[in-house]
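This report concerns only the one structure given below.
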Amino acid sequence: VQLQASGGGLVQAGGSLRLSCATSGRTFSTYALGWFRQAPGKEREFVAAIGWSGGSPYYADSVKGRFTISRDNAKNTVYLQMNSLKPEDTAVYYCAADRFNTAQGMAKIPAPYWGQGTQVTVSS
């Protein structure tokens, strides 16, 4: 499966952005999807994920209550709505997919499919 992330940009602290990740293929609904980020000089970290069969999304503590992940199976797209952005949210954001995985599993097991990153910069 191929993933194409978009929607990044420059925003002031407290602002919002919505990231999108469009995928190819006819089996989108069988994939768990996740968002990860990597800030300069830091390791890549988990942000949010949604399982292939529904259920509750899973979030990193640092974004809980501010970010919302959702999926539209008809459009083969996963979204990350980011509100109340902070300068520490600045990073390159990546989407990832893994077939038949759960939301929690996406945070623990390296996904096999990754999109290119999209830069999010939050100014103070």
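The values are calculated or read from the model by the stated rules, or taken from the named source; none is laboratory data. Values in this document were obtained by computation on a predicted structure and should not be read as measured data. Cβ atoms come from the backbone with ideal geometry, glycine included; neighbour counts cover every protein chain shown. Only protein heavy atoms, including side chains, enter the accessible area calculation; ligands, DNA and RNA are left aside. Shrake-Rupley method; radii C 1.70, N 1.55, O 1.52, S 1.80 Å.
Using only helices, what value at 222 nm comes out for the chain when you add -39,500 (n - 2.57) per DSSP H run of length 4 or more and divide by the total residues, to the nearest 500 deg cm²/dmol?
Numbers: 1 runs with 6 residues, N = 124.
Only helices count here, giving -1000 deg cm²/dmol.
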Label-point separation, Leu10 to Lys64 (7 Å along Cα→Cβ), nm: 3.4 nm
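Using a Förster distance of 35 angstrom, determine the FRET efficiency expected from the C-beta separation of Arg26 and Ser84, and round it to 0.05.
Details: r = 36 Å, r/R0 = 1.04.
Efficiency, rounded to the nearest 0.05: 0.45.
Once you charge only the Cβ atoms, +1 for Lys and Arg and -1 for Asp and Glu, what is the size of the charge dipole of the chain about its Cα centre, to the nearest 20 debye? Please report the intermediate quantities before stating the final value.
Numbers: 12 positive and 7 negative charges, 38 e Å.
Roughly 180 debye, rounded to the nearest 20.
With every protein chain left in place, what is the accessible area per residue of the chain in square angstrom, probe 1.4 Å?
Details: 6320 Å² over 124 residues.
Here the per-residue accessible area is 51 Å².
Per the 1.4 Å probe, what fraction of the accessible area of the chain, in percent, lies on carbon and sulfur atoms? Display every interim value, and only then the final one.
On the way: 3020 of 6320 Å².
For the chain, the apolar C and S fraction of the accessible surface comes to 48 percent.
Of the chain, which part is the longest with no trypsin sites (Lys or Arg not before Pro) in a loop (DSSP not H, G, I, E, B) and with at most 16 other C-beta atoms within 10 angstrom? Please report the intermediate quantities before stating the final value.
Working: sites that count: Arg26, Lys42, Arg44, Lys64, Arg66, Lys75.
With trypsin sites (Lys or Arg not before Pro) excluded where exposed in loops, the chain gives 76-124 as its longest stretch.
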By how many nm would the segment from Ser123 to Ala74 lengthen if fully extended, with 0.36 nm per residue of separation less the alpha-carbon distance? 14.2 nm
